[in-house]
1. Going by average Cβ density within 10 Å per residue, which order do the peptides 523-529, 393-399, 171-177 take, highest to lowest?
2. Which value, in Å to one decimal place, does the Kirkwood hydrodynamic radius take for the range 463-557 when every pair of different Cα atoms is included?
3. Determine how many Å³ per residue the convex hull of the Cα atoms of the range 569-622 encloses.
4. At q = 0.05, 0.07, 0.10, 0.11 Å⁻¹, what base-10 log of I(q)/I(0) does the Debye formula yield for the chain when every alpha carbon is treated as an equal point scatterer in vacuo?
5. Listed highest first by mean packing, meaning other Cβ atoms within 10 Å per residue, what order do 403-414, 235-246, 262-273, 364-375 come in?
6. What is the percent carbon and sulfur in the accessible area of the range 569-622, measuring with a 1.4 Å probe over the protein chains and ignoring ligands?
7. Using the Cβ atoms and a cut-off under 13 Å, what net charge is assigned to the surroundings of residue 6, where Lys and Arg are +1 and Asp and Glu are -1?
8. Label points 7 Å out from Cα along the Cβ direction at residue 523 and residue 499: separation in nm?
Amino acid sequence: MHNRTQVAVVGAGHAGVEAALACARLGIDTVLFTLSLDSLANMPCNPSIGGTGKGHLVYEIDALGGEMGRAADKVTLQSRTLNLGKGAAVHSKRIQADRQRYHHLMKKTLESTPNLRLIQAEITDIIIEPTPSGRKVSGVKTQLGEVWYCDCAILCPGTYLLGKIFVGDVSYQSGPDNLRAANSLSSALLREGIKLMRFKTGTPPRVRRCTIDFSVLEEQPGEEYPLPFSADTPEDAFLGVQQLKCYIVYTTPETHRIIRENLSRSAMYSGKIHATGTRYCPSIEDKIVRFADKERHQLFVEPMGDTEEIYLQGFSTSMPVDVQHKMLRSLPGFSHAEIMRYAYAIEYDCCDPTQLYATLEFKEISGLYGAGQFNGTSGYEEAAAQGLIAGINAALKLKGEEPLILERSSSYIGTLIDDLVTKGTNEPYRIMTSRSEYRLLLRQDNADLRLTELGRRVGLISDDRYRRFLERKHLIELETERLEKTYLSPAEVNPFLESLGESPVNTGISLSDLIRHPSLGYDEIAAVDPDRPALPRSVKITTEINMKYEGYIKRCLAEAARLAKLEDFYLPPDTDYSAIRGLRIEAAQKLNYFKPRTIGQASRISGVNPADISVLLIYFGKK
Ligand SMILES: Cc1cc2nc3c(=O)[nH]c(=O)nc-3n(C[C@H](O)[C@H](O)[C@H](O)COP(=O)(O)OP(=O)(O)OC[C@H]3O[C@@H](n4cnc5c(N)ncnc54)[C@H](O)[C@@H]3O)c2cc1C
């Protein structure tokens, strides 16, 4: 049977959900395929959203008109801001999410979105047609023999492609959570010349709550008054809301002894697993081996929702079940613990992202896009960000509009995608604030100021949302101006300063300069600023940070402007770099493979050095 749609999205994980919603909301007829509608937007790993760098991605997804932030706010069990002891640039919101409610909520959102159909079917093949300028995608085939013709297809198969689970010396074909694997699509992609890699990741056991003695664990409460992820969620949505607790437990010398004595039985260490895992989410075996001098490792005991299942973050393992029991029961409070789901490692196929443009379209196959774990990343947030960008660009392509390419200086999403398509990755790529040279500019509190105009341009920001955005922006400008122009005389401010043990001033001081004082902030100076307007917290936070970090921000902006010149220097996509005199062979080969969009991107390709960039600047400068 033959069917037609404009965009076929393969996979309803965190990438596929955002891609499908973006296409459908931009008026494009879209079909979303998934192996199981009952695991749509599933969280096979920790039921948390956000964290260092990842929280920034969620704010950026929301600022562009994506869905993850809105949904996360509705299923929050606990919220905390990490790194509060550090600078504002790395403050990162992280929530504990109700895993089942997130699934249900996302399914309802998809089901009620116009232009969007959900179909439970495995995509086993893609149809690629030759064109005068190369090749293009024209359809996908299901396991049931259906053919869906389409103008674009977005591949978001996550950790399911030839998925294989490992628990000690037992291994079997499977997707995560014992869901079925997708065993046919990989060979079709290889047939079309798409390079695949083999990566792995792992997860800890899920433990029965009533078998844990929480009285001996360290409580980790949520923060008192968290702000939401989404600008569509009222700021005071969490005020007075009861939050669930998380707990902290540490491994013991006994835990370490059990793991060391059974290392050869771990699938990771017995050589059963050949795929590459991520350095930043190591298994507990890895931690014991790599940090042998550490006496104990911190683990987080996290709720997953209205279930007896408890998630033990930091205890991922591929040890056999008998060892998992021993390891677990060696932890304080877990001596009688029962495992509801065993820990495991999973191997899966993903693609080499250097085959993609920054639009996430394959360079060699027009209309075919990749997003999520399939592009070599790890994490719900990383997946959702890519899904959103791939969905937006497929829609813009079909509408004949300019693609959306986010610069590194604009966002972590732009940084993530540029890293993937320009440098590639040889392990599951996880976003971190240290990945951005502009991290002072890319704070979670100003994501809307950086990206909402772009979301509005592509058509995903509603009039009401845009009006509220402009209002917030205006309030920040007004309050900044008021604080800069309001001066206090020494007589007015010195009693306040002396009461805080701070040195008095001899001349008048602006409220903004008071805020810039290392030990003062917007809230602290309220005592000498009685006529201040009642403002939303998010306005105060952004105003204060802009003031306190003004000097750094100015320098970062100047650096970004300097580098932007290289980002605005476009390179013709059909250039034959081996024909450019003075360019080193290695550089020419790399440039012909990567087909960089700009001189800036060319400068980040490993193996292309500054001398090569000078040759390009002269060559294209003359041209
Ligand atoms: C065991 C495990 C541990 C993890 N640990 C971590 C961690 O510690 N930290 C972290 O950041 N991330 C971790 N992750 C990764 C995280 O789960 C993923 O990053 C995220 O789910 C990726 O989202 P995605 O949309 O790319 O793919 P997924 O969420 O995997 O969704 C893929 C979707 O594609 C569908 N699908 C696949 N193939 C086909 C096909 N051929 N036809 C139709 N539908 C198809 C599936 O049904 C599913 O709906 C872990 C994942 C697993 C499995």
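The values are calculated or read from the model by the stated rules, or taken from the named source; none is laboratory data. What you see is a predicted model; the values in this text were computed from it and never measured. So basically every Cβ, Gly included, is an ideal-geometry build from the backbone, and we count neighbours across all protein chains shown. For accessibility, only protein heavy atoms count, side chains too; no ligands or nucleic acids. Shrake-Rupley method; radii C 1.70, N 1.55, O 1.52, S 1.80 Å.
1. Output ranking for 523-529, 393-399, 171-177: 393-399, 171-177, 523-529.
2. So the Kirkwood estimate lands at 14.3 Å.
3. Measuring per residue, one finds 68 Å³ for the Cα hull of the range 569-622.
4. The computed values of log10 I(q)/I(0) come out as -0.24, -0.48, -0.96, -1.13.
5. Details: 403-414: 22.6, 235-246: 14.2, 262-273: 17.9, 364-375: 26.4.
Going by the mean number of other Cβ atoms within 10 Å, highest first, we get 364-375, 403-414, 262-273, 235-246.
6. Result for the range 569-622: 61 percent of the exposed heavy-atom area is carbon or sulfur.
7. Numbers: positive: 4, 117, 397, 399; negative: 29, 151.
Once positives and negatives cancel, what remains is +2.
8. 1.7 nm
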